[in-house]
1. Given a 1.4 Å probe, how much area per residue of segment 52-198 is accessible, in Å²?
2. Counting only protein heavy atoms and using a 1.4 Å probe, what share of the accessible area of segment 52-198 belongs to carbon plus sulfur, as a whole percent?
3. Could you order peptides 175-183, 139-147 by the average number of other Cβ atoms within 10 Å of their residues, highest first?
4. Can you list the aspartates and glutamates whose alpha carbon is less than 16 Å from that of Lys202, not counting same-chain residues fewer than 8 positions off?
5. Per residue of segment 50-59, in order, report the coupling 6.51 cos²θ - 1.76 cosθ + 1.60 (Karplus, θ = phi - 60°) as ³J(HN,Hα) in whole Hz, putting x for Gly and Pro.
6. Which order do the peptides 90-96, 105-111, 129-135 take when ranked by the mean count of other beta-carbon atoms within 10 Å per residue, highest first?
7. I want to check the label-to-label distance for Asp75 and Ala141. Put each point 7 Å from Cα in the C-beta direction and report it in nm to one decimal.
Amino acid sequence: MSGSERRLPEGRTAWRRSALVAVPAVLTVGAMAAVMAQGALAASFAVSGTNFQVSSGKLTSKGLSSYVHTDRSVDGKGHPVALLGIGDATLSDICQAASVRTPLGSVTFKLTAGGDAGDVTASNLIIDGEDLVGDARFGTAQIGRDASTLDQVAGVHGEPGAFGLQAGDITVAGVRSHAWSATGGNFRLRGLRLDVNLDGKKCF
C-alpha cells in the first residue's frame, strides 16, 4: 500500500493534502504581508481579483491624506477606491481577511495581530479602500484640496485638479473597511497569527 493510500488514524489530519489546498492562499496573501512589512510595494501595483476586509478596534495617526484613485487587476479591470495615506499609524489590533477560491471551495485567509500582544505600528500606511466605517476625530481638516498639493503624509498625493482631503492627527474607533490593497513601511505586527480555513470566519 502506498503512502498516499494509507488510512490515517482517527483524529489525524492529512497535512500534505491540506497544504496543497492552502498553497494558493498562503502564497498570494502571505507574500503580500511580507512585502508590507518591508515597505517594498508602491500603491500602484496590480491588485488581485479579490478584495479583503480590514478592521481595527482603534487607529491613531499623525496625519491623513486621501484622494480618489483607480486600482487595476492584471486583466486591466479598474476598481475605484479612496486611497488613504496614514502616517505613523498605531492600531490597537488588526484583522485582514479574504476569501480565496480553491478546488475544494472557498478558503478564508485571515491575518490578525495586536490585542493583548501589544499595539500594531506602521509608517506611511496606505489603504486603497472601497469604504471606511468608524467613529472618527480629526485635527485640522482640509476637504476639497487639490490632490497634487497634499502634504500631510510623505509621498501621498494625486494628479493636479483631482479632489483630495487631508487632516492632522486622527483617531478612528471601530475601523471597518473593504480594501483592494494595503502597503506600509516598518510594519510591526505583535502577536501575528495566520489562519487558512475552509469557510472560516472573516473579520466582520
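1. Accessible area per residue, segment 52-198: 49 Å².
2. Values: 3620 of 7140 Å².
Carbon and sulfur atoms account for 51 percent of the accessible area of segment 52-198.
3. Averaged packing, sorted descending, gives the order 175-183, 139-147.
4. Asp93
5. The phi angles translate into 10, 7, 8, 8, 10, 9, 7, x, 7, 10 Hz.
6. Numbers: 90-96: 21.9, 105-111: 18.6, 129-135: 14.3.
Sorting 90-96, 105-111, 129-135 by mean packing, highest first, produces 90-96, 105-111, 129-135.
7. It is 3.7 nm.
The values are calculated or read from the model by the stated rules, or taken from the named source; none is laboratory data. Every value quoted in this text rests on a predicted model; they were computed, and no experiment measured them. Please note: Cβ atoms are built from the backbone with ideal geometry, for glycine as well, and neighbour counts cover all protein chains shown. With ligands, DNA and RNA removed, areas are computed over all heavy atoms of the protein, side chains included. Shrake-Rupley method; radii C 1.70, N 1.55, O 1.52, S 1.80 Å.
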